[in-house]
1. Among the residues of region 146-175, how many are among the aliphatic types (A, V, I, L, M) and under 14 Å from A88 (Cα atoms)?
2. Determine which member of the set A141, A119, A179, A137 is among the small types (G, A, S), at pLDDT 85 or above and over 30 Å from S77 (Cα atoms).
3. Can you confirm whether V15 is touching a Pro at 6+ places or on another chain (Cβ under 7 Å), buried (at least 16 other Cβ atoms within 10 Å of the Cβ) and under 27 Å from G178 (Cα atoms)?
4. Of the numbered conditions (1) more than 32 Å from the chain's Cα centre (by Cα); (2) closer than 30 Å to L200 by Cα; (3) part of a helix (DSSP H, G or I), D98 fails exactly one; give the number of that condition.
5. What about L209, is it closer than 18 Å to M51 by Cβ and modelled with pLDDT of 90 or more?
6. If you scan region 127-140, which residues turn out to be in contact with a Lys or Arg (Cβ under 9 Å, 6 or more places away or on another chain) and assigned to a helix (DSSP H, G or I)?
7. If only one of A153, A199, A120, A145 is surrounded by 14 or more Cβ atoms within 10 Å (Cβ to Cβ) and touching a Cys at 6+ places or on another chain (Cβ under 9 Å), which one is it?
Amino acid sequence: MDLASTLHDLPSAAVYAVFMAAAALAAALACAALAPLARVPQTKEHIDIAMRTTGAVMAALTLILAFCAVQARSQASDAQRLVSTEVAAIATMARIADRLGAPGHALRQDLSAYAASIAAQEFPAMAREGRHPVTQAALEALETAFYRAAATAPEVLATDMLQEYDDMDGARDRRLEGARMGLPTEFWMLILVLFGLLALTGALYPPRLHTIGMLAVQAAGVGALIAFVFLMDQPFRGSIGVSAAPYEALSKSLTHRAAAIPGSTRHARP
């Protein structure tokens, strides 16, 4: 497991703490280690130049972080739309199963199990592993059942069943493709470069304790902003990402409806 995956698995507070501590440490070490080597004259003019340089780099870094946050928020909206579309497709399949009468009871239970498998098995790990074999097997079994039911259904209903199944399958494919969406690598490279330049400006200041502390606090604030963008970077990962709750709610709803219909247990397959 790489570092990014490890960080995404941590609680939000821990991610903030890691980024802030790393940024503060980098700034403090840069000032303490590089300032004696640079030996910049500590005159008012040079201090003014140092502050202007730090301010310029900070402004550029803040701007790119703000832009990345907007992009990440847009990706989160797209991810939520993918989930809503798939949940709606499964619910539509359940309504079509209702139109089949008694043969549709087992299909509704299969749809409930499929939605539950997405929530419990595929959704948590799809950003790293893609398709989950258990969920894939459930979908293939569901496909066989729907094609079998469509073969005996009226033509209009059979056409609707096959069309809606294709829509549901396509919605899953789009979710899996979007599971790894995130900010382009170039954005993160730019953030790292700008933060490195910000840390290097510490060499322009006198390596006194209060100066090192000031630079560390400033860098910790920047680290918090970077952590915020990191947490929003991949909407299907992390503690503030898109939730699998819609699938869980749909599964419970379908299970409740199946249990409430007389005779539904008789048609359920083990």
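1. Initial filter on region 146-175 (among the aliphatic types (A, V, I, L, M)): 149-151, 153, 156-158, 161-162, 168, 171.
Cutting the leftovers down to under 14 Å from A88 (Cα atoms) gives us 168, 171.
Within region 146-175, residues that are among the aliphatic types (A, V, I, L, M) and under 14 Å from A88 (Cα atoms) number 2.
2. Values: A119 fails: over 30 Å from S77 (Cα atoms); A179 fails: over 30 Å from S77 (Cα atoms); A137 fails: over 30 Å from S77 (Cα atoms).
Criteria check complete, one pass: A141.
3. Working: touching a Pro at 6+ places or on another chain (Cβ under 7 Å): no; buried (at least 16 other Cβ atoms within 10 Å of the Cβ): yes; under 27 Å from G178 (Cα atoms): yes.
No.
4. Checking D98 against (1) more than 32 Å from the chain's Cα centre (by Cα); (2) closer than 30 Å to L200 by Cα; (3) part of a helix (DSSP H, G or I), the one that fails is (2).
5. Numbers: closer than 18 Å to M51 by Cβ: no; modelled with pLDDT of 90 or more: yes.
Here the answer is no, as L209 does not meet what is asked.
6. Within region 127-140, A127, R128, T135, L139 qualify.
7. Working: A153 fails: touching a Cys at 6+ places or on another chain (Cβ under 9 Å); A120 fails: touching a Cys at 6+ places or on another chain (Cβ under 9 Å); A145 fails: touching a Cys at 6+ places or on another chain (Cβ under 9 Å).
Selected residue: A199, the only one of A153, A199, A120, A145 that is surrounded by 14 or more Cβ atoms within 10 Å (Cβ to Cβ) and touching a Cys at 6+ places or on another chain (Cβ under 9 Å).
Residue-wise test of (1) without any contact (Cβ under 8 Å) to a residue 12 or more places away in the chain; (2) loosely packed, with under 14 Cβ neighbours inside 10 Å; (3) closer than 30 Å to L139 by Cα.
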residue: L37; (1), (2), (3): no, yes, no
residue: R52; (1), (2), (3): yes, yes, no
residue: V57; (1), (2), (3): no, no, no
residue: L63; (1), (2), (3): yes, yes, no
residue: A66; (1), (2), (3): yes, yes, no
residue: V70; (1), (2), (3): yes, yes, no
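The values are calculated or read from the model by the stated rules, or taken from the named source; none is laboratory data. Computed from a predicted structure; not experimentally measured. Cβ sites come from the backbone with ideal geometry, for glycine too, and all protein chains shown count toward neighbours.
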